[in-house]
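Please treat every number below as a calculation from the coordinates, not as lab data. The model shown is predicted, which means the values in this text are computed figures rather than measured ones. Counting neighbours? That spans all protein chains shown, and the Cβs are built from the backbone with ideal geometry, glycine included.
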Amino acid sequence: MTTFLRLGFALFALILIAIPLTAGNEYELRLFMLFLIYGVIAVGLNILVGLSGLVSLGQAGLFALGSYTGAILATRLGFDILFASLGAAVVSGIFGVLLAYPTVRVRGVYLAVVTIAFGLIVENVAIEWQALTGGTTGLTGIPSPNIFGFPLSGYPFYGILALTLFVATLLAHNLKWSRYGRAMLAVSQSETAARSIGVNATAMRTLAFVIASIAAGVAGTFYAFLNAYISPDIFTFSDSVRFLLMVILGGAGSTFGPVVGAYVLTYLPEHLQQFALWQKFAYGALLLLVMFVVPRGILGTLAHLFRRVVKTERGVNPAEGTPAGETLRQGERIQKVELLARDLTVRFGGLAALSRASLRVKPGEVHALIGPNGAGKSTFVNTISGFYSPTEGSFELDGVQLGGRKPHEIARLGLARTFQNTELFGELSVLENVMVGFQQRLDYGIVDAALRTPRFRRQEKECRSAAIGLLDLVGLMEYANEQARFLPFGHQRRLEIARALAAGPRLLLLDEPAAGLTTQEIDELDAMIRRISALGVSILLIEHHVDLIMAVADTVTVLDYGQVIASDRPAVVQDDPRVIEAYFGGSLNKADQVGAVA
Amino acid sequence: MTTSFQYLLSGLAIGGIYALVALGFHIMWSAAKAVNFAHGDTLMLGGVLAVLGVDAGLPLWLACLLAIVAGGVFGVLLERFAVRPFTGSNTSIGWMLTTIAVGIMVESLATMQFGGFSRPLPSPGIERAVNIFGAGVYPQELAIPCIALLAMFGFRALQQRTLIGRAMQAVSHNRQAAALMGIDVNRVVAFSFALAALFGAGAGVLVAPVVQASATMGTLLGLKGFAVAIIGGITSAPGVVIAGLGFGIVEKFVEGYISTAAREIVGFGSMIVVLLIFPQGLFGKKEVFKV
């Protein structure tokens, strides 16, 4: 944590301690407690919106779920605030998993509508299920909060709320700067790339949903205790909008942003009251203003300005790096690997992009896959990395069947890839891009991450130095702290290779790595491929540049119209008449014959 | 039997409204891959302005016409100032929040002008109920689903027979390619939002005699119209219209046999279920995933 953030947390703690001392009356304190509750919701929602890039407009539904669960547990079963909120956390957490399920298939605006629908359903279930929820009249007589039998009124209750918000903010911050936070950001910026290096995108989105749901649920219980009365009309669609706005206004993805946003939007209605009739209008106008003037949010904008003024070091110290050779050796595991694809057929509608293509990458070799445009090279690559499923045929890595597995599972078995159109995590730094690649090799749990245990610190340090070592291998050391999207094109390609290597592949798949590079860059690529190969990684290279292929490949396989027409040493393939025909059309002789017949 | 028939007919009426609103969502989505979350407020504007127009002494037809035109203007302005600045980015959160913001503002303005109460729009269509097999309905209610179907066929004719219609299809297939072919994409998108808003405001004028016009009438109708668009498949115009009519009928039955709250639970619940089984809606086209 930087000094800056330490100061931030100290200041935050100080404010939380000072407020009850300065609060003039009970109403003021109560309003501040309301802010603390909203703050918890916003901090949780920030994980979903700020890190995973998913929009929820149904947070009021989860808030209501937590509120009703807590209230019912307290009134019917006499639970204290601790157990009531634990119960609420469990219930809302389960609904978080359910809400995350649709993200497997739908995103963006569709997901937003699912969450809106969820919020409306909860609201109406609360109205309809009168026996449990009291229907439209709501639940009254919620006991004043107590814990283990000790009553909590006034300041002690305040203390619990303040502590909860402080701890939640700290944990969310720690989570962001761990493998979980990195993976969530990666999934939101390029899901395809994240999956290709072993990140389980669905698991990350589910985790984000569960965290946001639990936060809303616990906050709901606190709200029920604070208010002593709840009814369905407290949890409407416009509350969901307000919770989302708290995150956006404060700054999505930032540590204190949601807290600031919650503060502003808790107190704003008080100030807008002077506009009387115009109150709602002013609220809408403010929302509009935020989106146009500070779309990054208050703290996001401040951080952005800060970074422009105070330049950070662009590069990193090479001495911190672990040599790439050590990283790629991966302990005692066998290095060399064999990829075997048998009779792969992929059909898109009536078109066979691949028909019965077989290919064998021998252990430790550099195998080039070439072919004219539309020959099926990309389809082949996308199939063996798990993005397309083959119509027929099988493929395996060292005898392990890969068919039917998801991309991240295939990546974890030792196959990592780059992309023809580079797919970087644009807003992460160059170093972080590579560190995401290490995801599957870090095994600290979420508790380690949240509490920053020694295990977490040790693994993160190792991960960082290994990433630096890989950046050294591809020559990007001096850009380590730069945002990946600002790199020139040639460097982006290299970064993709480093990131793929971080996943610890035994077979590296390079999809047209030379496309768009200058001659000099291609020479460097040539050298890089040799270096990687020398470290024992098998390489499957999809390429157009004949010079590069002839220079580095041990075996060349040629695809044409989805079929393998040759597979041999480069020199042999170069002279194969069928290959020449595929590339240059029919031979002169044939053309003459055709002409004679006509 | 008579009750069921009654539910069927009233369901078709409200379903026609959903269909018109959903058709608007379809048109906006096709043009910009973005929608207007204040579309429900466009509907509200149609209904409320028509009532205010009649109040001001305008003849009914003129009041309705002006209300619909005003709705269309609203759609164009909203697209230009709230949607277009945010369609470039890859998240949808920008235009979602700006259009919600505009919706809040419009709704609060309408509350100030119109007061907090609901009033029906006088219409010859609700002067006398007609009796069909024992079910009493207003001619207005019978007209609504017919107008929704007409709107769908009219829209289809527009797409197939006019230059602007073909341009709309081109833009929805591939925005960049359309721009390279010399189509002014921004104008096509603006036109699409205007057309969608005309349908929305038209739905408001049509529904105002049946349910009462009020400043808050649009919120739930708009959300349901969106749900319907997603159930039907937002890429398919006939799909959303069929889904709208079906949704309206199911709603009336649930409302009649259980309760209003159950109606919302079943309605929105079925949307989630449909989305899980058919991510592109019942009649929508699958969006192709490319690596």
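Have a look at the DSSP beta bridges in the protein assembly as shown and tell me what percent are antiparallel, nearest 5.
Just about 65 percent of them are antiparallel.
Let me have the 222 nm mean residue ellipticity of chain B computed from DSSP H runs of 4+ only, each contributing -39500 (n - 2.57), with the sum over all residues rounded to the nearest 500.
Values: 11 runs with 207 residues, N = 291.
One gets -24500 deg cm²/dmol as the mean residue ellipticity at 222 nm.
Please check: in the Gaussian network model of chain B (C-alpha springs, under 10 Å), which one of B:Thr260, B:Thr235, B:Thr42 has the largest mean-square fluctuation.
With Cα springs under 10 Å in chain B, the top fluctuation among B:Thr260, B:Thr235, B:Thr42 is at B:Thr260.
Residue-wise, which Karplus ³J(HN,Hα) couplings in Hz belong to the stretch B:54-63, taking 6.51 cos²θ - 1.76 cosθ + 1.60, θ = phi - 60°, and x for glycine or proline?
5, 3, 6, x, 6, x, 3, 4, 6, 4
With axes computed from alpha carbons, what is the tilt in degrees of helix A:108-128 against the longest principal axis of chain A, rounded to the nearest 10 within 0 to 90?
The helix A:108-128 is inclined about 30 degrees to chain A.
Which is the longest run of chain B containing none of the GluC sites (Glu not before Pro) found in DSSP loop states (not H, G, I, E, B) with at most 16 other C-beta atoms within 10 Å? Numbers along the way, then the final one.
Numbers: sites that count: B:Glu127, B:Glu287.
The reported range is B:128-286.
Once both axes come from the Cα atoms, what is the angle between helix B:163-173 and the longest principal axis of chain B, in degrees from 0 to 90, rounded to 10?
With both axes taken from Cα atoms, the answer is about 70 degrees.
What ranking do A:Asp547, A:Asp448 get, fewest neighbouring Cβ atoms within 10 angstrom at the top?
Fewest-to-most Cβ neighbours within 10 Å comes out as A:Asp547, A:Asp448.
Using only the Cα atoms of the protein assembly as shown, each taken as one equal point scatterer with no solvent, compute I(q) by the Debye sum, divide by I(0), and report log10 of the ratio at q = 0.08, 0.10, 0.11 Å⁻¹.
The computed values of log10 I(q)/I(0) come out as -0.84, -1.19, -1.33.
With just the Cα atoms defining each centre, how far is the stretch A:461-525 from the stretch A:367-398? Give it in Å.
23
What is the Cα radius of gyration of chain B over 2.2 N^0.38 Å, N being its residue count?
0.98
In the neighborhood of A:Leu302, defined by Cβ-to-Cβ distances under 15 Å, what is the net charge if each Lys or Arg adds +1 and each Asp or Glu adds -1?
It works out to a net charge of +3.
DSSP loop (so not H, G, I, E, B), at most 14 other Cβ within 10 Å: list which trypsin sites (Lys or Arg not before Pro) in the stretch B:116-163 pass both filters.
Here the trypsin sites (Lys or Arg not before Pro) that fit, given the DSSP loop and packing criteria, are B:Arg128.
Just want to confirm a number: the relative contact order over the stretch A:31-156, from Cα pairs under 8 angstrom separated by 6+ residues, in percent.
Here the relative contact order equals 29 percent.
Can you tell which of B:Thr99, B:Thr91, B:Thr219 shows the greatest fluctuation in a Gaussian network model of chain B with Cα springs below 10 Å?
Result: B:Thr91 has the largest fluctuation of those listed.
Quick one: Cα convex hull volume of the stretch A:28-239, Å³ per residue? If you can, show how the numbers build up before the last one.
Values: hull volume 23.7 nm³, N = 212.
Hull volume normalised by residue count: 112 Å³.
Using alpha-carbon pairs under 8 Å, 6+ residues apart, how would you state the relative contact order of chain A in percent? Don't jump to the answer; show the numbers that get you there.
On the way: 1103 pairs, mean separation 99.0, N = 598.
Averaging sequence separation for qualifying contacts and normalising by length gives 17 percent for chain A.
If you rank A:His271, A:His545 by fewest surrounding Cβ atoms within 10 Å, what's the result?
Details: A:His271 11, A:His545 20.
Ascending number of Cβ neighbours within 10 Å: A:His271, A:His545.
Roughly what would the spin-label model give for B:Phe253 and A:Glu326, points 7 Å off Cα along C-beta, in nm?
A separation of 7.0 nm, rounded to one decimal place.
For a test of the definition: using alpha carbon positions, the gyration tensor, and the 1.5 limit on a/c, classify the stretch A:127-177 as rounded, prolate or oblate.
Oblate is the answer for the stretch A:127-177, as a/c is 1.5 or above yet b/c matches or exceeds a/b.
Report the relative contact order of the stretch B:52-110, percent, no decimals, based on alpha-carbon pairs under 8 angstrom and at least 6 residues apart.
On the way: 22 pairs, mean separation 12.3, N = 59.
Relative contact order, the stretch B:52-110: 21 percent.
Which angle between 0 and 90 degrees, to the nearest 10, do you get for helix A:179-189 versus the longest principal axis of chain A when only C-alpha atoms count?
So the helix axis and the longest Cα principal axis differ by about 70 degrees.
Note down the net charge around A:Ser378, summing +1 for each Lys or Arg and -1 for each Asp or Glu among other residues with Cβ under 9 Å from its Cβ.
It works out to a net charge of -1.
In a shell of Cβ-Cβ distance under 12 Å around B:Lys252, excluding B:Lys252 itself, what net charge do Lys and Arg (+1) and Asp and Glu (-1) give? Write out the running numbers ahead of the final one.
On the way: positive: B:Arg263; negative: B:Glu141, B:Glu251, B:Glu255.
The answer is -2.
Can you tell me what percent of all Cα-Cα pairs in the stretch A:458-499 are more than 14 Å apart?
Values: 389 of 861 pairs.
Counting every Cα pair in the stretch A:458-499, those more than 14 Å apart make up 45 percent.
Between the stretch B:172-202 and the stretch A:171-188, what is the separation of their alpha carbon centroids in Å?
Measuring centre to centre over Cα atoms gives 39 Å.
Let me know the longest stretch in chain B that avoids all chymotrypsin sites (Phe, Trp or Tyr not before Pro) found in a DSSP loop with at most 16 other C-beta atoms within 10 Å.
After excluding every exposed loop site, the longest remaining stretch is B:134-288.
Let a ≥ b ≥ c be the square roots of the eigenvalues of the Cα gyration tensor of the stretch A:396-544; is it rounded (a/c under 1.5), or, if not, prolate (a/b larger than b/c) or oblate?
Here the stretch A:396-544 falls in the oblate category.
Could you list A:Thr312, A:Thr164, A:Thr136 in order of exposure, starting from the residue whose Cβ has the fewest other Cβ atoms within 10 Å?
Working: A:Thr312 8, A:Thr164 20, A:Thr136 13.
Lowest count first: A:Thr312, A:Thr136, A:Thr164.
Quick check on the stretch B:98-160: take the gyration tensor over C-alpha atoms, sort the square-rooted eigenvalues as a ≥ b ≥ c, and tell me if it's rounded (a/c under 1.5), prolate or oblate.
Details: a/c = 3.41, a/b = 1.26, b/c = 2.71.
It comes out oblate by the Cα gyration axes.
Suppose R0 equals 51 Å. What FRET efficiency, 1/(1 + (r/R0)^6) with r the Cβ-Cβ distance, do B:Leu142 and B:Arg166 give to the nearest 0.05?
0.90
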